[in-house]
Amino acid sequence: MRRADRLFQIVLLLDRGRAVTARELADALQVSERTIYRDVADLGRSGVPISGEAGVGYLMRPGYRLPPLMFDAEELAALALGSRMVRSWADPALGRAAERALVRIESVLPQALRQDPARDALLVPGFHVPEAMRAPMTELRASIAAHRKLRLAYSRADGLSSERVIQPLGLVFWGETWTLGAWCELRGGFRSFRLDRIGSLTPLDEYFDGDGMLVRYLMSVQQEDDKACPPPPAHTSGDA
């Protein structure tokens, strides 16, 4: 990474409203702490308002305006790839938003960076994600953001249908399928629902406190995965 790019990354990392230690900066940028000390001192001398306190870290003082954003070729490739994933695998509204964001970024790029054959060669087919898998996503995202309960008609893999009230927490893409992570009030526990098995969604005039629930859901998924795939037994001396 060029030094100018590293200095810009330091400014970005310090502009998040919290103190960041030299060790955190060094780990993020893959350099030594001594390099961070030198770079921060140079930024300060150039007029960037950085405050620092031993044992606490560095903090950007309020009111500083960052220079216009600029991206290198690999960053643009990553943004383009992410945009194409969203357009191919998510709901149409989110796909259009990703397209608008990429167009906005490209509109301020130098001409030399607007066309890149290597970037155009990153393709994201979407035929393996059927429309039924993506159709409920717009409404689900709105209910997740609002912490709004839903009444859900759902069909299991064995064909058994049920209706239940859920607290929607997050959407998870597994490569071919989208699932909804939720607290199921019928079962009294966390559950994952395939989006293509959802028959109907009805937002309710009931809301829930979602603080920390997504983390707890992810922990429950991890615990179930650990149970399904136990570690191999430890070898003892003399075993083949």
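The values are calculated or read from the model by the stated rules, or taken from the named source; none is laboratory data. On a predicted model such as this, the values are computed, not experimentally measured, just so you know. FYI the Cβ positions are ideal-geometry reconstructions off the backbone, even for glycines, and counts take in every protein chain you see. Please note that ligands, DNA and RNA were not included when accessible areas were found on the heavy atoms of the full protein model with its side chains. Shrake-Rupley method; radii C 1.70, N 1.55, O 1.52, S 1.80 Å.
Just a few scattered comments:
- Region 1-11: number of residues that are exposed (fewer than 15 other Cβ atoms within 10 Å of the Cβ) and out of contact with any helix residue (DSSP H, G or I) (no Cβ under 9 Å at 6 or more places or on another chain): 3
- Selection count where residues are under 21 Å from D196 (Cα atoms) and either open to solvent by less than 30 Å² (accessible area, probe 1.4 Å) or touching a Pro at 6+ places or on another chain (Cβ under 6 Å) (or both), scope region 76-129: 7
- Of the residues making up region 109-125, those that are hydrophobic (A, V, I, L, M, F, W, C) and under 16 Å from S83 (Cβ atoms) are L109, L113, A118, A121, L122, L123, V124.
- Of all residue pairs spaced 6 or more apart or on separate chains, those with beta-carbon atoms under 8 Å, a first member in region 36-47 that is without any contact (Cβ under 8 Å) to a residue 24 or more places away in the chain and a second member that is part of a helix (DSSP H, G or I) are Y37/A22.
- Contact map, region 1-25: residues that are in a helix (DSSP H, G or I) paired with residues that are of a type in the set (S, T, Y), Cβ distance under 6 Å, separation 6+ or inter-chain. Pairs shown: L14/Y58.
- Residues that are part of a helix (DSSP H, G or I) and aliphatic (A, V, I, L, M) do not occur anywhere in region 119-128.
Residues checked against (1) surrounded by 19 or more Cβ atoms within 10 Å (Cβ to Cβ); (2) in contact (Cβ under 8 Å) with a residue 40 or more places away in the chain; (3) in a strand (DSSP E or B); (4) touching a strand residue (DSSP E or B) at 6+ places or on another chain (Cβ under 7 Å):
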| residue | (1), (2), (3), (4) |
| --- | --- |
| Y154 | yes, yes, yes, yes |
| P168 | yes, no, yes, yes |
| E176 | no, yes, no, no |
| F190 | yes, no, yes, yes |
| G199 | no, yes, yes, yes |
| T202 | no, yes, yes, yes |
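- Taken over region 34-50, the residue count meeting the criterion of being on the phi < 0 side of the Ramachandran plot, outside any helix (DSSP H, G or I) and open to solvent by 50 Å² or more (accessible area, probe 1.4 Å) is 1.
- Answer residue from region 12-33, given it is among the β-branched types (V, I, T) and more than 22 Å from the chain's Cα centre (by Cα) and is surrounded by the most Cβ atoms within 10 Å (Cβ to Cβ) among those: V31
- Taking region 93-118 as the range and being part of a helix (DSSP H, G or I) and not hydrophobic (A, V, I, L, M, F, W, C) as the test, the residues that pass are G95, R96, E99, R100, R104, E106, S107, Q111, R114, P117.
- Only one of the numbered conditions (1) out of contact with any Gly (no Cβ under 8 Å at 6 or more places or on another chain); (2) closer than 15 Å to D91 by Cα; (3) surrounded by 13 or more Cβ atoms within 10 Å (Cβ to Cβ); (4) not hydroxyl-bearing (S, T, Y) is violated by V172, and that is (1).
- Filter result for D211 (assigned to a loop (DSSP other than H, G, I, E, B) and loosely packed, with under 15 Cβ neighbours inside 10 Å): yes
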